[in-house]
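Below you'll find the structure, written out as structure tokens, and then a few comments.
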Amino acid sequence: MLTQETASAVLSAALRTGGDFAEIFLEDRRNNALSMRSGKVETVNSTRLHGAGVRIYSGLSSVYVFTNDTSEKGLLDCAARAAAAISGPDMHQAAAFAASQCPNIHIIKEMPSRVESRRKAEKLKAADAVLKMYPEVVQGIINYTDSEQRVWIANSEGLFKNDLRVYTRFMVNAVASNGSENQTGSCTPGAMQGFELFDRTVDAEMCAHVAARTAVKMLHAPLCPSGMMPVVIDNGFGGVIFHEACGHSLEATSVAPGNSEFSGKLGQKIASDKVTAIDDGTLPNEWGSENIDDEGVPPTRLVLIENGVLKNYMIDRLNSRRMGMPVTGSGRRQGYMFAPTSRMRNTYIAAGEDSDSEMIATMGDGLYCRKMGGGSVDPSTGKFNFSVQEGYLVKDGRIVHPVRGASLIGRGSEILMKIDRVGRNMQMAQGMCGSLSGSVPTNVGQPMIRVSSLTVGGAK
């Protein structure tokens, strides 16, 4: 742990060469993982990650140095190495720490570290038994992970806080084969919960059914036709489109240096009137939430887009300086080896008022995306390309049959303006988001939406 006495000494050492702000982030994390492949438990791993980082600002410049020696001497040496990169005429002093309590909005009922591996393995075995019920599923990969991360954060402005973050996730991937071709399906729920995840949120057997059904269905589906057409994207993981194609472009990481297509557009209309988008770190026990961000700032509910108008960016401490705007509780990092930057938390398109059935019935010929897969995006241009894990061809407003091999191709700013229907049932799904500060847990979400026209890649 980090004491206030040690933190004060380290921050003072960090400021000795002219820095005007200093921060310490200390982490002690324990991870557990079980993996099963084709009915056999392959791995049971427990790891511990322990270390700290010292960050110094001098104006708009930043230096970050980390160490796994968290003794007072080790932290002082780390601060000295960081300070050696700073030179300035002024000596700044660290402020006295203000007494503050970090409220815990994420109640954990069963800490994963107190749960025997046998009980965790039972969840894997239950899912594997379901996969065996599907003759065409030739391989099942099932993973269980949990993490208990304790952090201490102190800075020269008088902040001293600590937090405990507990994550649990269950992942099922099914591979179906006809001997010449394979198709996959997945189900990967998680939450900021302990092992009670399986009592409150996740049914291991149902998760396996979802993964297997998708894989088998896609195995027998014809190839998707290509072209420009209306596209309906379902709720839950469908929100990955907004996350990747638009969300990253609203992070100060890309906005501050002018590398985003949305830089300088606050108050301007960037989306259809139907679109209200939110990034919320205050939701209890959600995968992307925290009690404090990785800079010690309380979480916020941030309206990014309201009825099509750009209202806010996601801003961390350094980019707050660069932009002259307040922080939004969006500073996040994978761990102590990464300096934080602005990141998404639970990011979603808010529920609208349209009927799911009506948006399909009135779309004519197009594509219904039941579940999205992975993809890529360039935040500077917003151009994206996403695979569709489970898709269906729509003819004259009726779902005809499943199709495979579909992909969605477009640009974030264009897809936002073309959303002409937003449904009522918003759901979220879990993912790991990678950026400059490493990989962090994020929720994506939306209700069912319709895009009036979008390029669909498929069969020639």
How about the stretch 110-136: which of its residues are surrounded by 12 or more Cβ atoms within 10 Å (Cβ to Cβ) and part of a loop (DSSP other than H, G, I, E, B)? 110, 111, 115, 132, 134, 136
Enumeration of residues in the stretch 198-231 that are part of a helix (DSSP H, G or I) and touching a Phe, Trp or Tyr at 6+ places or on another chain (Cβ under 7 Å): 204, 207, 212, 216
Residue match in the stretch 146-159 (condition: buried (at least 22 other Cβ atoms within 10 Å of the Cβ), in contact with a Gly (Cβ under 6 Å, 6 or more places away or on another chain) and assigned to a strand (DSSP E or B)): yes
Looking across the stretch 22-49 at residues that are under 26 Å from the mean Cα position of the chain (by Cα) and free of Cβ contacts under 8 Å to residues at least 40 places away in the same chain, the single one that is farthest from residue 122 (Cα to Cα) is 48
When the residues of the stretch 160-211 are narrowed to those that are closer than 19 Å to residue 138 by Cα and among the charged types (D, E, K, R), which ends up farthest from the chain's Cα centre (by Cα)? 181
I need every pair where a residue in the stretch 174-200 that is without any contact (Cβ under 8 Å) to a residue 40 or more places away in the chain has its Cβ under 9 Å from the Cβ of a residue that is among the hydroxyl-bearing types (Ser, Thr, Tyr) and surrounded by 19 or more Cβ atoms within 10 Å (Cβ to Cβ), sequence separation at least 6 or different chains. 187/214; 197/168
Across the stretch 326-360, which residue is surrounded by the most Cβ atoms within 10 Å (Cβ to Cβ) among those that are of a type in the set (Gly, Ala, Ser), within 30 Å of residue 26 (Cβ to Cβ) and touching a Ser or Thr at 6+ places or on another chain (Cβ under 6 Å)? 330
Go through (1) part of a loop (DSSP other than H, G, I, E, B); (2) within 32 Å of the chain's Cα centre (by Cα); (3) not acidic (Asp, Glu) for residue 17 and report which single condition fails. (2)
Within the stretch 272-296, take every residue that is more than 22 Å from residue 195 (Cα to Cα), among the acidic types (Asp, Glu) and touching a strand residue (DSSP E or B) at 6+ places or on another chain (Cβ under 8 Å) and give me the one that is surrounded by the fewest Cβ atoms within 10 Å (Cβ to Cβ). 280
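FYI, it's all coordinate maths here, none of it is from the lab. Just so it is clear, the model here is predicted, and its values are computed rather than measured. When we count neighbours, we look across all protein chains shown, and the Cβ atoms used for this are built from the backbone with ideal geometry, even at glycine.
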